[in-house]
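Presented below is the structure to which this report refers.
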Amino acid sequence: MLTRRRFLSRFLIGASAVAAIGSADALFLEPRNLASEHIDIRLRRLPEEFRGFRIAQISDVHFGPYMGKSGLERALQLAQSFQPDLLALTGDFVSHSFGGSNGPRGARYAEPCADVLAAVKGVPVLAILGNHDHWNNAAIVEGALKDRGIQVLRNHSIPLQRGHSRIWIAGVDDALVRAADLGKALHDVPASETTLLLAHEPDFADYAARFPVDLQLSGHSHGGQVRLPGIGALVLPALAEKYPIGLNQVGSLQVYTNRGLGVINPPIRFYCPPEVTFVTLFPPQPV
C-alpha cells in the first residue's frame, strides 16, 4: 500500500535532484500541465465494424483539495475534443483533505465531481471504483455517479453494438480491497467476443491474462507522480509496480496504464504530467 510516510521517505531520496532541476515546476506547473496521450491499439479479435473505435480515458481524478471543478472541466473538454465513442473513467474519484483521514468526509467530494462529469453528453460514460473510493466510502461515491446517469461497473459487463457485431466492456471492482471478481464480471460474455476490461490497478493484468480479455485500461499508479531521469518512479503503489505507465503486454493481453489526472499527498508531479488518454482500436494488420 502506498502510504504518505512511505511516499515522503522515498521522495526525500531524490529531493535534491528535483530541487536542482526545478522544484517550482514540480509543485506548481506540472500538476496543471495536462497532456494527451494518443495510442493506436490493434486487437486480434476486434470486429471490422469497430475499426477506428475511440476511447477517451480519465483516471484518478482525486477531486478534492488539489483538483476542483475547473481542472476536471479542462480534462473533459480535452477528452471530448477527441470525439470519443466511449468515455472510460477508471477509478479514484475522491481524496481526503490534507492532514485528514479516509472516510465519509472525503467521500463528500463525489457529489461535486459527479456534477462536472454529468455535463458530458452524447457519448456513453462508464466508470469503475478505485481504492480511494472504497477507503472513503464506496457507496457514497457510486451513488453520486449513478444519480447523475453514469454507469458504474462493479464486476459487471455491458455490450456495445455496431452493425451485426459487438464488443464487451467489463469492469471489476477494486482489486486492492479484494472486491474484484472477474469471473462474475465476465459471466454473460461469450468467450469468443472481444472484451475490454476496466480495472483500476494495472498489475491485475497478471490475473486477467488468464481470461479471454483483449485489452485492460487502468490507472492507480499516477505514473509514480515523481519520476527522475534515468531512475524512473521513486515510489509506486501496490498492484502498480509491474505495469506502472503506458502500454504493456501480458501474454495475449494488452494493458494500458494512465498516469492519472489528480494527485495524492504530497501534491507533486515531476517528469510525470497528468494525462487524458486517447485510444483508437484497430483490427490486426493483414498478414
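Results, tabulated for the structure shown:
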{"quantity": "Spacing of the two label points (7 Å from each Cα toward its C-beta) at residue 211 and residue 193, in nm", "calculated": "1.5 nm"}
{"quantity": "Residue-averaged [θ]222 nm for the chain, counting only DSSP H segments that reach four residues, each worth -39500 (n - 2.57)", "calculated": "-7000 deg cm²/dmol"}
{"quantity": "For a label point 7 Å along the Cα-to-beta-carbon line of residue 49, residues of the stretch 137-178 with backbone N under 19 Å", "calculated": "158-170"}
{"quantity": "Three-way shape call for the stretch 136-287 based on the alpha-carbon gyration tensor, with the a/c threshold at 1.5", "calculated": "oblate"}
{"quantity": "For the stretch 235-242, Karplus couplings with θ = phi - 60° (6.51, -1.76, 1.60), whole Hz, Gly/Pro x", "calculated": "8, 9, x, 4, 6, 9, 8, 8"}
{"quantity": "Sequence ranges 217-224, 170-177, ranked by mean other-Cβ count within 10 angstrom, highest first", "calculated": "217-224, 170-177"}
{"quantity": "Per-peptide average of other Cβ atoms within 10 Å, ordering 182-190, 64-72, 269-277 highest first", "calculated": "269-277, 64-72, 182-190"}
{"quantity": "Within straight-line cross-link reach of residue 184, aspartates and glutamates at Cα separation under 15 Å, skipping those fewer than 8 residues along the same chain", "calculated": "173, 174"}
{"quantity": "Packing rank of 145-151, 38-44, where each peptide gets the mean count of other beta carbons within 10 Å, highest leading", "calculated": "145-151, 38-44"}
{"quantity": "Amide proton proximity set for residue 216, modelled H, under 5 Å, gap of 5+", "calculated": "197, 254, 255, 256"}
{"quantity": "The stretch 58-99 shape via C-alpha gyration tensor axes, a/c threshold 1.5", "calculated": "oblate"}
{"quantity": "The stretch 37-282: antiparallel DSSP beta bridges as a percent of all, rounded to 5", "calculated": "40 percent"}
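Every number here is computed from the coordinates shown, using simple stated rules; none is lab data. As the structure is a computational prediction, the values presented were derived from the model and not from experiment. Cβ atoms come from the backbone with ideal geometry, glycine included; neighbour counts cover every protein chain shown.
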